[in-house]
């Protein structure tokens, strides 16, 4: 695989940006990513835009052309990539492959979502598009209710009480409280988790993330161009995508995220790395049960052991698998289709030693994985400091 490098990153704070539009947020992150590089927008060969909810919440499709025009890039190849919550990771993969193919030497990947100025019913309808329409969404099933059913089953299978999942949001909020770009910047304790109101039993308020507004951008360069520039950079050592059935009722094992496992395995093989080589990771964790299932499917934790592992400090900044170092979905906020790009921005900052109060000491290898739907699409990337 030809080497491709990340040479610039930028992101807006995640929040309720009521006065601002989708294009405005995207342009801010694009300018931020270009700020530290010697390039102008006109040096770019292509623009890949990750977005999941543009039509339903922002009333806008054709986001590739929209953002290219807004950035003064008319005529450039500009494509919107959609795979629900995996959109950002898949857009990054498209940018990576465009450089590997020899088509371009420099491309931009931007993830953007605008949601908070819409009513909850509209948001639920938009997110339901990630489900199987005939047997799930049509019957009123939501993403949150599906994760709730999986959590209930997990508790039954492995003998956990609800309180066992507290370490996931506690860890996320501890890290997010130190991130100036996070939506919820406050810590919580286990007793607060235990007394939280129910959202979809057994998921409570602190198990569930909030969809918010934000945009993130990365600049990718070919090996020859990156070396010519010199300076700091991060190599994309592995990239892989896998899919599972859209409907949960078609899966043989409800508590095993097959796509997450497969994409992780493929990316590791491509990068010639092992799980133990990874120093920091950012995964899909909109609910506590999601984090547990992803850790197990990817191979970081033995099956059925994730809550115990988290309680023992395994996911803390000093643990073997530092997780949600910028707050994850729960504290940073859920940015929908932009999530995969945010994940990469956050891990790149870790590898550059720029993560501030939540810096993982000696981080040289990072892992990101974003999921679309209930683990239907999984995109994994391995990043190595160069």
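One residue stands out in the range 157-185 among those that are in contact (Cβ under 8 Å) with a residue 40 or more places away in the chain and surrounded by fewer than 16 Cβ atoms within 10 Å (Cβ to Cβ): the one that is farthest from residue 349 (Cα to Cα), namely 157. Suppose we keep only residues that are under 13 Å from residue 322 (Cα atoms) and in a helix (DSSP H, G or I) within the range 290-307. Which one would you say is farthest from the chain's Cα centre (by Cα)? For the range 290-307, the residue satisfying everything is 295. Does at least one position in the range 345-357 carry a residue that is without any contact (Cβ under 8 Å) to a residue 12 or more places away in the chain and either surrounded by fewer than 24 Cβ atoms within 10 Å (Cβ to Cβ) or outside the structural domain of residue 244 (by TED's automatic domain parsing) (or both)? Yes - at least one qualifying residue is present in the range 345-357. Checking each residue of the range 246-262 against the condition of being in a loop (DSSP other than H, G, I, E, B), within 21 Å of the chain's Cα centre (by Cα), within 26 Å of residue 354 (Cβ to Cβ) and modelled with pLDDT of 95 or more gives no match.
The single condition among (1) over 26 Å from residue 352 (Cα atoms); (2) at pLDDT 95 or above that residue 314 does not satisfy is (1). Please determine, by comparing only the residues of the range 333-378 that are over 8 Å from the mean Cα position of the chain (by Cα) and assigned to a strand (DSSP E or B), which one is farthest from residue 175 (Cα to Cα). Looking at the filtered set, the residue picked out is 377. Can you work out which of the residues in the range 21-46 that are part of a loop (DSSP other than H, G, I, E, B) and at pLDDT 95 or above is surrounded by the most Cβ atoms within 10 Å (Cβ to Cβ)? The residue in question is 44.
Within the range 47-61, none of the residues are modelled with pLDDT of 95 or more and more than 13 Å from residue 112 (Cβ to Cβ).
Going by the conditions given, is residue 229 within 23 Å of the chain's Cα centre (by Cα) and in contact (Cβ under 8 Å) with a residue 24 or more places away in the chain? Against the criterion (within 23 Å of the chain's Cα centre (by Cα) and in contact (Cβ under 8 Å) with a residue 24 or more places away in the chain), residue 229 does not qualify.
Residues in the range 267-289 that are surrounded by fewer than 22 Cβ atoms within 10 Å (Cβ to Cβ) and in a helix (DSSP H, G or I): 269, 270, 275, 276, 277.
Among the residues of the range 67-96, those that are assigned to a helix (DSSP H, G or I), in contact with a strand residue (DSSP E or B) (Cβ under 8 Å, 6 or more places away or on another chain) and either under 17 Å from residue 23 (Cβ atoms) or in contact (Cβ under 8 Å) with a residue 60 or more places away in the chain (or both) comprise 67, 68, 87, 88, 89, 90, 91, 92, 93, 95, 96.
The values are calculated or read from the model by the stated rules, or taken from the named source; none is laboratory data. These figures come from a predicted structure and were not determined experimentally. Every residue, glycine as well, gets a Cβ built from its backbone with ideal geometry; the counts of neighbours run over all protein chains shown.
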